[in-house]
Amino acid sequence: MNTLNTPIHVKLWHRDFWALAFASLLVTVSVYMLLPVMPHWLMQHQHLSPWQTGCSMGVFGLGIYLFGAFCSWLVQRYRRNVVCLWAIVALAFNVAALWYACRIHSPYLGFGTILLHRFLLGATFGLAQMVLSSTLIIDTCESYQRTEANHSTSWFSRFALSLGPLAGMVVCQLAGFQSVLLAACCCAIAALLLVKVVRFPFRSPDEGVRIVSLDRFLLTSGWVLFLNLLLVSVVVGLLLSMPLSAVFYALMMVGFLLALLAQRFVFRDAELKSEIITGLFLLLAALLVLLVNPVSPVAPVLAGLSVGIIGSRFLLFFIKLSRHCQRGTSQSTYFLGWETGVAGGLALGYAVFYQQPQALLYTALALTVSALLLYHFYTHSWFLCHKNR
């Protein structure tokens, strides 16, 4: 039987690891807080069309690639924690600049400015998360703990998919959109302080590091996994573009917790192929429930359960596909595939399917079925032939 489990090491969960895990959570929350509230603000207050709003939300997915090719050179040329700190500072400054422009009712706050803001937000977020996942978190643990470390910290970022939008909606309802921007800034500053308290020993830079490279950026050999993950994350982005309630995001968190329990008990010794297949069927079930009853509490639980199972398993596949010196690159590739798909789904949701929930859900169903067929008939066997661990 083909199985693939992640062992638990209690010694991994020391102070520095907790600090970086929560830093990853807070950085992601600071960005995801804007997802449910910013499109409404763009259309109602900035008078952007649904097409312009979709472009504004989608350009974030392009921004995350801006610094990727320079990531390896930056962490070699400068201290790796300093690169992460400055990326988070730039992220916080970008959000603060938008808050200030809103506060003074700047006449320059138009479609072009919003596009630039979202693009730079994606760029700074991408650099911060790539350095965190591909370098800093790995450096805080022993070599035999690194797979577990990557797997565990990815869950903190995954929780932000529920906690970020939930916090954004609550703050917006209580105090308005500008307060959401301030809260996002506070989350970024808190993440900055958490990274700051961790001490990283000096490491001499490697010789002959190229300024532009795919190291710590993109694992080209994992293109099949990337494509399959992209199909799933686009569906997630489409769901996030729907007018969901705060309760929906709270119940998604219940689904995430159930996914954690399922991984430890249901899929512990199950056939390797079963996890993603099950997750995709659960996602199909969630979409069908939304079609029949949009306010059903079952749909968000199923969505969280499926995303938790699928996301964590794809991450382990990327790690197992990489060679020894490519662990950081596999982390960044997974991150890029996930965020690109979510941003693309948001763009499609607003630009193409705005106020057309049934057409959106039918499209999401078609993409989920495509992901299921691709994985069942090709991706899984391809992975077994190409894995290196």
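Across segment 308-336, which residue is farthest from Lys387 (Cα to Cα) among those that are open to solvent by 10 Å² or more (accessible area, probe 1.4 Å) and of a type in the set (A, V, I, L, M, F, W, C)? Only one residue fits best here, namely Phe335. Selection of first residues in segment 58-86 that are over 20 Å from Leu348 (Cα atoms) and open to solvent by 10 Å² or more (accessible area, probe 1.4 Å) and of second residues that are outside any helix (DSSP H, G or I) and among the charged types (D, E, K, R), restricted to Cβ pairs under 6 Å at least 6 apart or on distinct chains, gives the following pairs, ordered by first then second residue: Gln76/Asp206.
Going by the conditions given, is Val170 open to solvent by less than 40 Å² (accessible area, probe 1.4 Å), in a helix (DSSP H, G or I) and among the β-branched types (Val, Ile, Thr)?
Numbers: open to solvent by less than 40 Å² (accessible area, probe 1.4 Å): no; in a helix (DSSP H, G or I): yes; among the β-branched types (Val, Ile, Thr): yes.
Judged against the criteria, Val170 is not a match.
If you go through segment 339-358 one residue at a time, do you hit one that is closer than 17 Å to Phe217 by Cβ and either open to solvent by less than 40 Å² (accessible area, probe 1.4 Å) or touching a strand residue (DSSP E or B) at 6+ places or on another chain (Cβ under 6 Å) (or both)? Yes: one or more hits. Contact map, segment 88-106: residues that are farther than 15 Å from Met33 by Cβ paired with residues that are in a loop (DSSP other than H, G, I, E, B) and open to solvent by less than 30 Å² (accessible area, probe 1.4 Å), Cβ distance under 6 Å, separation 6+ or inter-chain. Pairs shown: Ala101/Leu109.
As a summary of the residue check, Val292 satisfies the conditions (1) in contact (Cβ under 8 Å) with a residue 40 or more places away in the chain; (2) among the β-branched types (Val, Ile, Thr); (3) surrounded by fewer than 24 Cβ atoms within 10 Å (Cβ to Cβ) except for the one numbered (1).
I'd like to know if segment 366-377 contains one or more residues that are touching a helix residue (DSSP H, G or I) at 6+ places or on another chain (Cβ under 9 Å), open to solvent by less than 30 Å² (accessible area, probe 1.4 Å) and of a type in the set (Gly, Ala, Ser). Yes, there is a match, as at least one residue in segment 366-377 is touching a helix residue (DSSP H, G or I) at 6+ places or on another chain (Cβ under 9 Å), open to solvent by less than 30 Å² (accessible area, probe 1.4 Å) and of a type in the set (Gly, Ala, Ser).
Tallying residues that are part of a helix (DSSP H, G or I) and out of contact with any Phe, Trp or Tyr (no Cβ under 8 Å at 6 or more places or on another chain) within segment 56-77 yields 7.
Conditions tested, residue by residue: (1) closer than 24 Å to His151 by Cβ; (2) small (Gly, Ala, Ser); (3) open to solvent by 40 Å² or more (accessible area, probe 1.4 Å).
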position	(1), (2), (3)
Thr220	yes, no, yes
Asn228	yes, no, no
Gln263	yes, no, no
Leu287	no, no, no
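Out of all the residues in segment 262-276, is one or more within 30 Å of Gly68 (Cα to Cα), out of contact with any Asp or Glu (no Cβ under 8 Å at 6 or more places or on another chain) and in contact (Cβ under 8 Å) with a residue 60 or more places away in the chain? Yes, because at least one residue in segment 262-276 is within 30 Å of Gly68 (Cα to Cα), out of contact with any Asp or Glu (no Cβ under 8 Å at 6 or more places or on another chain) and in contact (Cβ under 8 Å) with a residue 60 or more places away in the chain. So for segment 131-140 (the condition being open to solvent by 10 Å² or more (accessible area, probe 1.4 Å) and of a type in the set (A, V, I, L, M, F, W, C)), does at least one residue qualify? Yes. In segment 360-383, the residues that are in contact (Cβ under 8 Å) with a residue 12 or more places away in the chain reach residues that are among the β-branched types (Val, Ile, Thr) and surrounded by fewer than 21 Cβ atoms within 10 Å (Cβ to Cβ) with C-beta atoms within less than 6 angstrom, at least six apart or across chains, in these pairs: Thr379/Val224; Trp382/Val224.
Between Phe125, Phe93, which is in a helix (DSSP H, G or I) and crowded, with 16+ Cβ neighbours inside 10 Å?
Working: Phe93 fails: crowded, with 16+ Cβ neighbours inside 10 Å.
Sole residue among the options that is in a helix (DSSP H, G or I) and crowded, with 16+ Cβ neighbours inside 10 Å: Phe125.
Restricting Leu361, Leu283, Leu336, Leu272 to those that are outside any loop (DSSP other than H, G, I, E, B) and in contact with a Ser or Thr (Cβ under 8 Å, 6 or more places away or on another chain) reduces the list to Leu283.
Assess whether Ser221 counts as being assigned to a helix (DSSP H, G or I) and at pLDDT below 95. Spell out the reasoning first.
Working: assigned to a helix (DSSP H, G or I): yes; at pLDDT below 95: yes.
So Ser221 fits the description; yes.
Does Leu181 qualify as being in contact with a Phe, Trp or Tyr (Cβ under 7 Å, 6 or more places away or on another chain), assigned to a helix (DSSP H, G or I) and at pLDDT 95 or above? So Leu181 fits the description; yes. Looking only at segment 198-209, decide whether some residue is assigned to a helix (DSSP H, G or I), open to solvent by less than 60 Å² (accessible area, probe 1.4 Å), in contact (Cβ under 8 Å) with a residue 60 or more places away in the chain and among the hydrophobic types (A, V, I, L, M, F, W, C). No: segment 198-209 contains no residue that is assigned to a helix (DSSP H, G or I), open to solvent by less than 60 Å² (accessible area, probe 1.4 Å), in contact (Cβ under 8 Å) with a residue 60 or more places away in the chain and among the hydrophobic types (A, V, I, L, M, F, W, C).
Every condition in (1) at pLDDT below 95; (2) farther than 23 Å from Thr153 by Cα is met by Leu284 except one, and the failing one is (1). Note on segment 107-122: residues that are open to solvent by 10 Å² or more (accessible area, probe 1.4 Å) and in contact (Cβ under 8 Å) with a residue 40 or more places away in the chain amount to 6.
The values are calculated or read from the model by the stated rules, or taken from the named source; none is laboratory data. These numbers come from a predicted model, not from an experiment. When we count neighbours, we look across all protein chains shown, and the Cβ atoms used for this are built from the backbone with ideal geometry, even at glycine. To get the accessible areas, we keep the full protein, side chains included, count just its heavy atoms, and leave off ligands, DNA and RNA. Shrake-Rupley method; radii C 1.70, N 1.55, O 1.52, S 1.80 Å.
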